[in-house]
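Asks: Can you keep this structure in mind? I'll have questions shortly.
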Amino acid sequence: MSKETPNQDWREWMRGLGRQARRIREFLGLSQEQIARLAGVSQGAVSRLEGGRGLATPLLVVVKLNVAMRRALSAYDPELLSDEARQILNHDDRLIPDGHRFAEYPMASDAGIEELVHLYRGLPERQRQKLLGVVRATATALSPSDSESELRAVRSRHAS
């Protein structure tokens, strides 16, 4: 069994992130001061991140540096970049701001499911079963009669 603590894992992860950030910055031919200016962060924040001393680095600093580096990398001919670097550039990153808003996306494939989960989680435990009963009864009333046996099977599984 390993004697590592969760902090040791995160420290190593941050060191790796810092090494990669430095490799990208150096590939771009930018100083810490230049990338900091492009990202709107301090040079000290870049130094701490690259040195692996940024365990408490705010997410906003990491996101700003990510955006600045991706924009600078996108100016390069894609043929000069590795497959991994091209994938990073082509990746639909939801953390990159689109204007001034965070890019929100649905959690479920259907907005109604997300709403039902939200309603369910908002109820006290003892009332959740009542909500499920109402939903089952409504589904039974609205569904074609041939699927009633399926609904009964679902109900019996949930009753167990």
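Asks: Restricted to segment 4-41, and to residues that are surrounded by 14 or more Cβ atoms within 10 Å (Cβ to Cβ) and over 20 Å from residue 70 (Cβ atoms), which residue is modelled with the highest pLDDT?
Replies: Initially, segment 4-41 is screened for residues surrounded by 14 or more Cβ atoms within 10 Å (Cβ to Cβ), giving 11, 14-15, 17-18, 21-22, 24-25, 27-28, 30, 32, 34-39, 41.
Now drop any that are not over 20 Å from residue 70 (Cβ atoms), which leaves 11, 15.
Working: 11: 84, 15: 89.
So the residue we want is 15.
Asks: Taking the condition assigned to a helix (DSSP H, G or I) and at pLDDT below 90, does residue 86 pass?
Replies: Values: assigned to a helix (DSSP H, G or I): yes; at pLDDT below 90: yes.
Against the criterion (assigned to a helix (DSSP H, G or I) and at pLDDT below 90), residue 86 qualifies.
Asks: In segment 52-61, which residues are in a helix (DSSP H, G or I) and either buried (at least 19 other Cβ atoms within 10 Å of the Cβ) or touching a Ser or Thr at 6+ places or on another chain (Cβ under 9 Å) (or both)? Before the answer, list the steps.
Replies: To start, the set of residues in segment 52-61 that are in a helix (DSSP H, G or I) comprises 59-61.
Listed by number, the list holds a single entry, 61.
Asks: Of the residues in segment 62-82, how many are surrounded by fewer than 15 Cβ atoms within 10 Å (Cβ to Cβ) and within 19 Å of residue 16 (Cα to Cα)?
Replies: Taking segment 62-82 and keeping what is surrounded by fewer than 15 Cβ atoms within 10 Å (Cβ to Cβ), we get 71, 74-80, 82.
From the residues that got through so far, the ones that are within 19 Å of residue 16 (Cα to Cα) too are 82.
Residues that pass the stated criteria total 1.
Each row is one residue, and each column tells you yes or no for (1) at pLDDT below 85; (2) outside the structural domain of residue 66 (by TED's automatic domain parsing); (3) out of contact with any Leu (no Cβ under 9 Å at 6 or more places or on another chain).
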site	(1), (2), (3)
96	yes, yes, yes
99	yes, yes, yes
104	yes, yes, yes
115	no, yes, yes
127	no, yes, yes
131	no, yes, no
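The values are calculated or read from the model by the stated rules, or taken from the named source; none is laboratory data. Small disclaimer: the values here were computed from a predicted structure and weren't measured. Here the Cβ is made from the backbone with ideal geometry for all residues, glycine too, and neighbour counts use every protein chain on show.
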